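Encoded as structure tokens, the structure appears first; notes follow it.
The values are calculated or read from the model by the stated rules, or taken from the named source; none is laboratory data. The model shown is predicted, which means the values in this text are computed figures rather than measured ones. FYI the Cβ positions are ideal-geometry reconstructions off the backbone, even for glycines, and counts take in every protein chain you see. Keep in mind that these areas ignore ligands, DNA and RNA; they rest on the heavy atoms of the full protein, side chains included. Shrake-Rupley method; radii C 1.70, N 1.55, O 1.52, S 1.80 Å.
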Amino acid sequence: MQTETKAGISSVKSTALNLLIVDDEVATRNLCNDVALEAGLHVHTSETTEQALDILDQYPIDIVVTDLKIPQIGGLALIKKIREGNPQVSIIVLTQYGTIETAIEATRLGAADYVTKPFHIEELRTKLDRLVRSIELDQENRLLREQLRSRPGFGGLIGVSPRMQRVYKLIEKVAQHTYPVLILGESGTGKELVARSIHFSGPRNAKPFSPVDCSSLVPTLIESELFGYVKGAFTGAQHSKQGLFEAAGDGTLFLDEIGDLPVELQAKLPRALQEHAV
């Protein structure tokens, strides 16, 4: 077994993914090693399938890049053993030009992708980067699912059923953005709790959360309450008035029972939301 090291490898984070290169050609191992190090991966190399299986037993390998023609049991048999003992490992196979059928067989056995030899560095880099992003996204999703599964409720919401877990996951996702959010549901189902959870789970959690019951607003004053007005805008407007949209500032304005607003005013809301102006 050989563990590759290079100047600068110490800059790789301890959480970097682990990659195993399996090839009996020194030049190929070195080339793959250079590409992997550029991607921030921690690299192990092996010349034979036996060495590769030993490394897989000793280290938490995330990705295997293997030639299909390697000493001992061969690349296809190695893929089968990896899938049996380490099904979470992602595999890229290296195959000689003209043996695409074998590469297709490798993908049928569980390989994620293949590269034909002689290969361009950019091709390997692109496929490796794509695989790394996929693994990191899967790890983030798995961590989020575990976090949601380990707590009984979320932001005042109570429930551990699969449907509620999907609601929690959606709240986590939506809370990281600043887009307007439409929450649908019958009265009493907890729409305001969902809105509060979105607000206090996101980047605006230190800003005010302003709930407004639209059904309680005086019909003739709703537009003034929401959008405000400037002095002299109409007869009797002796002072400027700040509307609820402007008062919310960088915080969150929760409009409850928005369906109770007059239809003509509902038509003005999308423009205010889109233009961020009143």
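Assorted remarks:
- Within the stretch 205-239, the set of residues being touching a Gly at 6+ places or on another chain (Cβ under 9 Å), assigned to a loop (DSSP other than H, G, I, E, B) and either open to solvent by less than 80 Å² (accessible area, probe 1.4 Å) or closer than 17 Å to residue 169 by Cα (or both) comprises just one member, 208.
- Test: residue 78 is assigned to a helix (DSSP H, G or I) and either under 28 Å from the mean Cα position of the chain (by Cα) or crowded, with 17+ Cβ neighbours inside 10 Å (or both): yes
- Screening the candidates 94, 56 for the property of being crowded, with 17+ Cβ neighbours inside 10 Å, aliphatic (A, V, I, L, M), in contact with a Lys or Arg (Cβ under 6 Å, 6 or more places away or on another chain) and under 24 Å from residue 133 (Cα atoms) yields one hit, 94.
- In the stretch 123-165, the residues that are among the aliphatic types (A, V, I, L, M), at pLDDT below 80 and closer than 22 Å to residue 194 by Cβ: 144, 148, 157, 158, 160
- Subset tally (residues that are open to solvent by 20 Å² or more (accessible area, probe 1.4 Å) and either of a type outside the set (A, V, I, L, M) or in a loop (DSSP other than H, G, I, E, B) (or both)) for the stretch 115-133: 12
- Qualifying residue in the stretch 252-259 (condition: in a loop (DSSP other than H, G, I, E, B) and within 28 Å of residue 156 (Cβ to Cβ)): yes
Yes/no per residue for (1) touching an Asp or Glu at 6+ places or on another chain (Cβ under 7 Å); (2) over 26 Å from residue 190 (Cα atoms); (3) charged (D, E, K, R); (4) at pLDDT 85 or above:
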| site | (1), (2), (3), (4) |
| --- | --- |
| 218 | no, no, no, no |
| 221 | no, yes, no, no |
| 224 | no, yes, no, no |
| 241 | no, yes, yes, no |
| 252 | no, no, no, yes |
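- Those residues of the stretch 97-114 which are assigned to a loop (DSSP other than H, G, I, E, B), surrounded by 13 or more Cβ atoms within 10 Å (Cβ to Cβ) and either at negative phi or basic (Lys, Arg) (or both), in sequence order: 99, 111, 112
- Residues that are open to solvent by less than 10 Å² (accessible area, probe 1.4 Å) and in a helix (DSSP H, G or I), drawn from the stretch 30-53: 32, 33, 35, 36, 49, 52
- For the stretch 189-200, the candidate set comprises residues that are open to solvent by 40 Å² or more (accessible area, probe 1.4 Å) and of a type outside the set (Val, Ile, Thr); within that set, the residue that is nearest to residue 172 (Cα to Cα) is 200.
- Scanning the stretch 161-188 for residues that are in a loop (DSSP other than H, G, I, E, B) and either surrounded by 15 or more Cβ atoms within 10 Å (Cβ to Cβ) or hydroxyl-bearing (Ser, Thr, Tyr) (or both) turns up 161, 178, 179, 181, 183, 187.
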